[in-house]
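The values are calculated or read from the model by the stated rules, or taken from the named source; none is laboratory data. Just so we're clear, the structure is a prediction, and the values are computed from it rather than from any experiment. Neighbour counts are summed over all protein chains in view; Cβ atoms, including those assigned to glycine, are modelled from backbone coordinates with ideal geometry. Quick note on the areas: whole protein, heavy atoms, side chains included, nothing else; ligands and nucleic acids left out. Shrake-Rupley method; radii C 1.70, N 1.55, O 1.52, S 1.80 Å.
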Amino acid sequence: MLLQAGYELTYESTQPTPMLLALSIHSSRAADLVVPDQVTVDPATPICSYYDSFGNLCSRIVVPPGVTRVASNAVVRDHGTRDEVVPAARQTDVQDLPGDTLQFLLPSRYCETDLLGTVAWQKFGGTPPGWTRVQAICDFVHDRIAFDYQQATSTRTAAQAYDERVGVCRDYTHLGIALCRAMNIPARYCTGYLSDIGTPPPWGVPDFAAWFEAYLDGRWYTFDPRNNEPRIGRVLIARGRDAADVPLSHTFGPASMIGFTVWTHEIAGALEATPDDLAGGATDA
């Protein structure tokens, strides 16, 4: 299938303001891009791109005073199947983990593994190690937190989400990561697009999504405690230790977001369309 995935973000600033953006589809999906997700800025503003220490493609801009629109509209070829489920995937002993996974065992800004270690071992110490244990953590987080956009906050940590029992997808993800790390399972934060394909209506307002990857049996697997079921149409943008590493936008001055629209949907008639047709197609925001 082909997915149309994009966004339009609008900012207002009283002065020239430097900004970092982590909004480009991850390089692991580069071969799937039928129409690239080129970042555009209106009014026209120079863009400088770079790869961060986690391999994410980021952009640097300086927004001028006034209103600035940042947008992109990609077409992505997707396998159209649900997230992989491998119940036999085993947990790797810490001494056998690859060196590059070890940073994803440590506490980070939003994932206080040190504060949640006792809780994790009390609740999951008796579960079979491996996939079953990670899924038990996801089940627990899914039931523990009530989803509520109205109570979203950019500063809520995993420990606070555990205590407050409310949050949005990033809070589910942070708590799942922290509990996995406490059980010696490397876990890393992911952000990206997620379609509603294959889910029953009513659908929520389209948004970027957060989930995590756990390292089991020699590779990384996707887990999503917010939705807690395999989904179709997941497109990675960036990975990091937690949301502090991959904010969609980070401003260095007085710039406020005043508009936010995201879309991820299947393109009808995609088999008959050409790349030029797709690039010029209307979005379903």
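Please verify whether Y50 is out of contact with any Pro (no Cβ under 8 Å at 6 or more places or on another chain), over 20 Å from T222 (Cβ atoms), free of Cβ contacts under 8 Å to residues at least 60 places away in the same chain and not in a loop (DSSP other than H, G, I, E, B), treating the condition exactly as stated. In short, yes. Being within 12 Å of the chain's Cα centre (by Cα) and among the hydrophobic types (A, V, I, L, M, F, W, C) is the filter here; which residues of the stretch 206-234 pass it? Matches in the stretch 206-234: F208, A209, A210, W211, F212, F223. Across the stretch 192-226, the qualifying residues are those that are among the β-branched types (V, I, T) and part of a loop (DSSP other than H, G, I, E, B), and the one among them that is most open to solvent (accessible area, probe 1.4 Å) is V205. Of the residues making up the stretch 55-106, those that are in contact with a Pro (Cβ under 7 Å, 6 or more places away or on another chain), of a type in the set (A, V, I, L, M, F, W, C) and either outside any strand (DSSP E or B) or open to solvent by 80 Å² or more (accessible area, probe 1.4 Å) (or both) are V85, L97, F104, L105. P36 meets the conditions (1) touching an Asp or Glu at 6+ places or on another chain (Cβ under 8 Å); (2) open to solvent by 60 Å² or more (accessible area, probe 1.4 Å); (3) not polar (S, T, N, Q) in every case but one. The failed one is (1). Can you tell me which residue within the stretch 149-163, out of those that are modelled with pLDDT of 95 or more and more than 14 Å from R109 (Cα to Cα), is farthest from the chain's Cα centre (by Cα)? This residue is D163. For the stretch 135-172, the set of residues classified as open to solvent by less than 40 Å² (accessible area, probe 1.4 Å) and under 25 Å from D93 (Cβ atoms) consists of A136, I137, C138, V141, A158, listed by residue number.
Got a number for residues in the stretch 177-208 being under 22 Å from S24 (Cβ atoms) and in contact with a Ser or Thr (Cβ under 7 Å, 6 or more places away or on another chain)?
6
Would you confirm, using the coordinates I've provided, whether S59 is of a type in the set (S, T, Y) and more than 27 Å from L216 (Cβ to Cβ)? Yes: the conditions hold for S59.
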